[in-house]
Amino acid sequence: MDLRPVLSVLSTHQPTYLPACITVSLLHWTFWLLGAIGWSSPWSISTVCQRSDLLTVLDLDFDSTTSTMSALRTARYFHVKCRFPHEYRYKGPEGQIQRIVRQEVPAGQIAWDTPYDVYDPISFTAPHVLTAPWADPPIGQAGFHPRWNQRDGPVNRQSHEGVYLMSDQQAPLNIRGRTGLKGRGTLGRWGPNHAADPVVTRWHRDSDGQRRIHPDSQKPVLQFVAIQRRDTGEWATPGGMVDPGELVSETVKREFMEEAMDSTQATAQEKAANFEMVRDFFTRGQEIYAGYVDDPRNTDQAWMETVAFLFHDDTGSEVGQFELKAGDDAQALQWMDISSDLNLYASHINFIQKAAELQDAHW
Ligand code: RP5
C-alpha cells in the first residue's frame, strides 16, 4: 500500500500551519504502524508544509529493517527578491535596460505542490545565453542529454537543498518554488547554477589598534570585504560562479585575488608576496552556508546556489592589512562594518549574520 501521496497531500494542504514537531510525530507513528503490520520497503520522502513566509521541508527516511523512521526538518524562508514586485532587469549588450515583469506569486502559492490555476508566467532567456559556450543548450536540443540531480561530467546539476522536481517539459523546477518567470534569464544552467562566496572578515580597529566596541551591544565591530556589483549597484560578498570541474575553494581564492589584490600600485615583488600570503590565508576557510541564494536572477527553471566560506583575519596582519583600493577596473570594493542595518544583494545578509554570530561580534 503506497500512502505517500496521501501523506504528502495531508501535510501540504493543512488548513493552517501545524508546528512541524506535531507533523513529524504524527508521521512517525504512521510509519511505525506500517512497519508493525509488515509493510517493508525502505524509502525516503520530502514533503512540504508552508505558511506565509516559511517553507518547512520534512525529509523522511523509513528503514524497513529496523522499522524506524528518521525525520530531518529544515525550515527555509521563501524567496523574496526573485518574486514580484521585484523586477527582473536585463542589461543588454548596448547597455539598454529591459524590464521583465514577473507574474505575482502570493506567499501561499509559492510551493509547487500548492495549486495555482492562473499561474502562466512569461518566459525570458537573455539572447546571449542562447549562444554562449558556457551555457546549456535549450531543453530538447539534439545531443543535449543532461543528467538532472546528479554530477553530469564536469557540471554539477545537484542542488545543495535536495532533489528538485521536473516540469512536464522536462525542465528543472526551482527548488524553492515559483518565481513568476520562466526561462533562464541570464543564468547559463538549467537548474542550480553554482557559485562560491568568500566572507572575509577582520576586526574594525581604531587608530590605536584597539578593536572598536559598539556602544549599543558592547561587542567588537567586525568588518567584511564588500563589493559593489555592477549589475544592480548593490553591495555584496565578492562571490563568483564555479567553473565546471573547479573546486569551490579555488573559486574563492581566485575571486579574492582578482577582486581584492588587483592593485596597479603594487610592484611585481609585492604582488608575488601578496599572492603567497593570500594563498595560505585561503587554506583556512570555514564553510558557513551551502544552499539556495535568493538572487534576483532566479527563475522557475534556473537559480543560484552557493557555498559561503568564512575567512577571518583575527590579528589584521594578513589580508586585513589591505585597505582595498579599487583596481584599474574601478569596481568598488571595501571593508564594511557589519551590523543588522546592512542592505545587501540577494540573501548575502544571512552569510554576514552567521559570520558575526560565530565571532561573537556586534550585529
Ligand atoms: C550570487 O551571485 C552568489 O551568492 C554570488 O555572490 C554571485 C555569483 O554570481 P556572479 O557575481 O558571478 O554573477 O547569487
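The values are calculated or read from the model by the stated rules, or taken from the named source; none is laboratory data. What you see is a predicted model, and the numbers here were worked out from it, not measured in a lab. With ideal geometry, Cβ positions are generated from the backbone for all residues, glycine too; neighbour counts draw on all protein chains shown. The accessibility values were calculated without ligands, DNA or RNA, using every heavy atom of the protein model including side chains. Shrake-Rupley method; radii C 1.70, N 1.55, O 1.52, S 1.80 Å.
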Yes or no: region 230-239 includes at least one residue that is away from the ligand (no atom under 12 Å from the Cβ) and of a type in the set (D, E). no
Restricting to region 111-125, give me the number of residues that are at pLDDT below 95 and aliphatic (A, V, I, L, M). 1
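If I filter region 356-363 for residues that are of a type in the set (F, W, Y), in contact (Cβ under 8 Å) with a residue 40 or more places away in the chain and outside the structural domain of V248 (by TED's automatic domain parsing), do I get at least one hit? Steps first, answer last, please.
Quick first cut of region 356-363, residues of a type in the set (F, W, Y) only: 363.
When the remaining residues are screened for being in contact (Cβ under 8 Å) with a residue 40 or more places away in the chain, the result is 363.
Narrowing the set further to residues that are outside the structural domain of V248 (by TED's automatic domain parsing) leaves 363.
Yes, that holds for at least one residue.
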Just checking, does region 286-303 include any residue being touching a residue at least 24 places away in the same chain (Cβ under 8 Å), in contact with a helix residue (DSSP H, G or I) (Cβ under 6 Å, 6 or more places away or on another chain) and open to solvent by less than 50 Å² (accessible area, probe 1.4 Å)? yes
Here's a check for you: in region 186-203, which residue that is assigned to a loop (DSSP other than H, G, I, E, B) and in contact with a helix residue (DSSP H, G or I) (Cβ under 8 Å, 6 or more places away or on another chain) is farthest from Q158 (Cα to Cα)? T186
Near pairs, Cβ below 7 angstrom, 6+ apart or cross-chain, from region 127-141 (modelled with pLDDT of 95 or more) to any residue that is surrounded by 13 or more Cβ atoms within 10 Å (Cβ to Cβ) and among the β-branched types (V, I, T): V129/T186; A135/V129
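Does any residue of region 162-185 turn out to be in a loop (DSSP other than H, G, I, E, B), in contact with a helix residue (DSSP H, G or I) (Cβ under 8 Å, 6 or more places away or on another chain) and over 26 Å from A308 (Cβ atoms)?
no
So is S70 in contact with an Asp or Glu (Cβ under 6 Å, 6 or more places away or on another chain), of a type in the set (S, T, N, Q), farther than 19 Å from M166 by Cα and modelled with pLDDT under 90 or not?
Details: in contact with an Asp or Glu (Cβ under 6 Å, 6 or more places away or on another chain): yes; of a type in the set (S, T, N, Q): yes; farther than 19 Å from M166 by Cα: yes; modelled with pLDDT under 90: yes.
For S70, the condition - in contact with an Asp or Glu (Cβ under 6 Å, 6 or more places away or on another chain), of a type in the set (S, T, N, Q), farther than 19 Å from M166 by Cα and modelled with pLDDT under 90 - is met.
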